[in-house]
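Take a look at the structure set out below.
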Amino acid sequence: MKKYNHKFILYGFAALTLASCATPQVAELKKANPLPAGVVNTNSAQTGDYKQINLKEYFTDPHLMALFDQVVKANPDFQIAQQRVEIANSFLQRSKMDLLPSLEVGVRASGDHYGKYTMEGVGNYDTNLSSNITEEQKINRDFTPNYWLGGRSSWEIDAWGKLKNKKIAAQKKYLASTEGLRLLQVELFTDIANLYYQLVALDSKLEIYQKNYNLQQRAFEIILAQREVGKATELAVQQFKAQNNNWLAEIEHIKVGIVTVEQAITSLTGSYGGEVKRGKILMPTNMEVLNKPINIESVIHSRPDVASNYYVLEASQADAKVAKAAFYPRIDIGASVGLNSFSAETFFKPTSLAAQLLGGLMVPVFNKGQLKHEFNIASKEQEIAFLSYQKSVTNAFNELQAILKQTRIYEKVLKLKSEEVGFLNKGVEVSNDLYITGYANYFELINSQKSKLQAELDLLEFQHQNTRNNVLLFKALGGKLN
C-alpha cells in the first residue's frame, strides 16, 4: 500500500510537470522588408566595402569642431543619456551574476525556553535522561541556545534558458542605449552645425548688402551729378535714396539675426554670451564622399537609430523567451556548511561541524493564467519593437535617397545661379555706362542693381540649403563621431 502511494505521488508530480510544459511559442525575429532594386545611389552601385565616414574628416572647420566639443560637455540631455548607458551596463553585469551561485557568510544565535508540555520540552527532558549521550551533549532545559557560524549557497539551475535569456536581453538593451547615445551625439552635432552655418550665412548676407550698398553709392553719385546739370530729375534722386534706406534697414535687421543665432549657440554650449568664432565659407559638397561606392544595406544598418531599434528588437525576443521559461519548473539547489551547537563550550569543536544539501523543484499551477498574460505582453512588445525597427529602416532609406537626389540637384542649381550672378555683375557695369551715355534711364539702373543683389542673395540661400543638406548627409550615411 505504501509503495502504491509513492507511485501515485510520483505520477501526479509528473503530470503536473508535463502540464507546465505546454507553453506558447516565441516568434522568430522578423526581417525588415527588402530594399527596392534600382535605387538612387552615389554611383548606382549596390555592392562594395563601405567604410563609415569620420566626423573630423568630413567636417574640416576647426571652429565648428570646437563648438561641438563644448556642446557635448555642456548639454544636460547628453549627460543624462550617459548615465542611462551606465544604468544599462549595471543591469547587464547583474544579469551575469544571476547565472552564478549565491554565497552568504554569517553568524546566527538564538535561544528558546520550551514549556514542560511541549514536544520540544519533553524531547529535551527525555534526551538528557538517555545513557547514550555525554555530559557535553546534555541540553539546557531552562534556556536552550543555538549558535551557527558558516556559509550557505543557493543556485537556480538554468535548465530552460531563463537566466541566459535575461542576460541576452540586458546585453541588447545596453547596446541599444550606447547606440542611443551615439544618435544623440549626431543630433547635437547636426543642431550646432546648422546654427553655425546659419551664422556664417548671415555674415555673408551682411557682406553682400554692404558691398552692394557701396556699389550703389557710385550710381547714386552719378545721379546727383546728372541732376546738377539737368540730365536727371529729383524723382531719380529720391528713388535712389529710398533704395539706400531700404538696404541700410536690411543691414541692421541682419545684425539682429546674427545676435539671435549667437545667443542660441552660446546657450547650447553652456556659455555666458560672448562672440562665436567662425569661418567665412559655407560647407561645399564633399564629392569624394559622394562618389564613393556604398552598400545601401550596410549604410542603413550602421546608423545609430536603426541599430538601436534592432537591438531593442533582439532584447524583446529574449524577454519573450524569459516569459516562456516561467512556465517550466524552477529547479533550485541549496547548501550550507558551518559550526552549529547549542552550547558555547562545544561550538568551536570539530564535531560541531554541520552541513546541509537541499534540492527543490517548483511547478507553476494556479498562476498559469498570470504567466500567459505576461507572455502575451512580451510577445506584443516584440511585435512593437519590430514595427519600430521597420519604421526606422524605411525612414533611413527614404532620407538617404532624398538627400542624395537633392545633392545632385543642388550641384546644377548652384552652377546656374553662379552664372546668373556673373551675368548680372556685368549687367550693372553696362547699365552704368549706358546711363552716362544716355542709352538707359535711372529706372533701368535701379533695376539692374536690385536684380544683382537678389541673384547674390538667392545664390547664398542655395549655398546655405546645400550646406544643411551636406550636414544631413553625414547623419544619413551613419557617420562615425570618432
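Looking at Ala249, Ala225, Ala159, Ala176 in this structure, which one is loosely packed, with under 15 Cβ neighbours inside 10 Å and under 30 Å from Leu99 (Cβ atoms)?
On the way: Ala249 fails: under 30 Å from Leu99 (Cβ atoms); Ala225 fails: under 30 Å from Leu99 (Cβ atoms); Ala176 fails: loosely packed, with under 15 Cβ neighbours inside 10 Å.
None of the other options fit; the residue is Ala159.
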Close pairs from the range 457-468: first closer than 10 Å to Val413 by Cβ, partner outside any helix (DSSP H, G or I) and among the polar types (S, T, N, Q), Cβ under 9 Å, at least 6 apart: Asn466/Thr285
Number of positions in the range 235-246 that are among the hydrophobic types (A, V, I, L, M, F, W, C) and either under 30 Å from Gln198 (Cβ atoms) or surrounded by fewer than 16 Cβ atoms within 10 Å (Cβ to Cβ) (or both): 2
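A quick yes/no check of all residues on (1) hydroxyl-bearing (Ser, Thr, Tyr); (2) in contact (Cβ under 8 Å) with a residue 24 or more places away in the chain; (3) crowded, with 23+ Cβ neighbours inside 10 Å:
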site	(1), (2), (3)
Ile300	no, yes, yes
Tyr311	yes, yes, no
Phe327	no, yes, no
Ile331	no, yes, no
Ser343	yes, yes, no
Of the numbered conditions (1) modelled with pLDDT under 90; (2) surrounded by fewer than 12 Cβ atoms within 10 Å (Cβ to Cβ), Gly360 fails exactly one; give the number of that condition. (2)
Scan the range 123-140 and tell me whether some residue there is acidic (Asp, Glu), in contact (Cβ under 8 Å) with a residue 40 or more places away in the chain and within 30 Å of Ala307 (Cα to Cα). no
Residue selected from the range 363-385 under the condition of a type in the set (A, V, I, L, M) and part of a loop (DSSP other than H, G, I, E, B), by the criterion surrounded by the fewest Cβ atoms within 10 Å (Cβ to Cβ): Val365
Under 8 Å between Cβ atoms, at least 6 apart or on separate chains: pull out the pairs that start in the range 209-238 with a residue that is among the β-branched types (Val, Ile, Thr) and end on any residue that is outside any helix (DSSP H, G or I). Ile223/Ala232
Take the residues in the range 54-76 that are surrounded by 14 or more Cβ atoms within 10 Å (Cβ to Cβ) and part of a loop (DSSP other than H, G, I, E, B), then tell me which one is modelled with the lowest pLDDT. Asn75
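Looking at Thr285, Thr346, can you tell me which residue is outside any helix (DSSP H, G or I), more than 30 Å from Trp155 (Cα to Cα), polar (S, T, N, Q) and in the same structural domain as Glu57 (by TED's automatic domain parsing)? Break it down into steps so the answer makes sense when it comes.
Values: Thr346 fails: in the same structural domain as Glu57 (by TED's automatic domain parsing).
When all the criteria are applied, what remains is Thr285.
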Taking the criterion of being in contact (Cβ under 8 Å) with a residue 40 or more places away in the chain and within 29 Å of Lys164 (Cβ to Cβ), would at least one residue in the range 105-113 satisfy it? yes
Determine whether Gln79 is under 18 Å from Arg182 (Cβ atoms) and exposed (fewer than 14 other Cβ atoms within 10 Å of the Cβ). yes
Where Asn132 falls short, out of the listed (1) assigned by TED's automatic domain parsing to the domain that holds Ser267; (2) loosely packed, with under 15 Cβ neighbours inside 10 Å: (1)
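The values are calculated or read from the model by the stated rules, or taken from the named source; none is laboratory data. Here the structure is a predicted model, which means the values were calculated and not measured. No Cβ is skipped: glycine too gets one built from the backbone with ideal geometry, and neighbour counts run over all protein chains shown.
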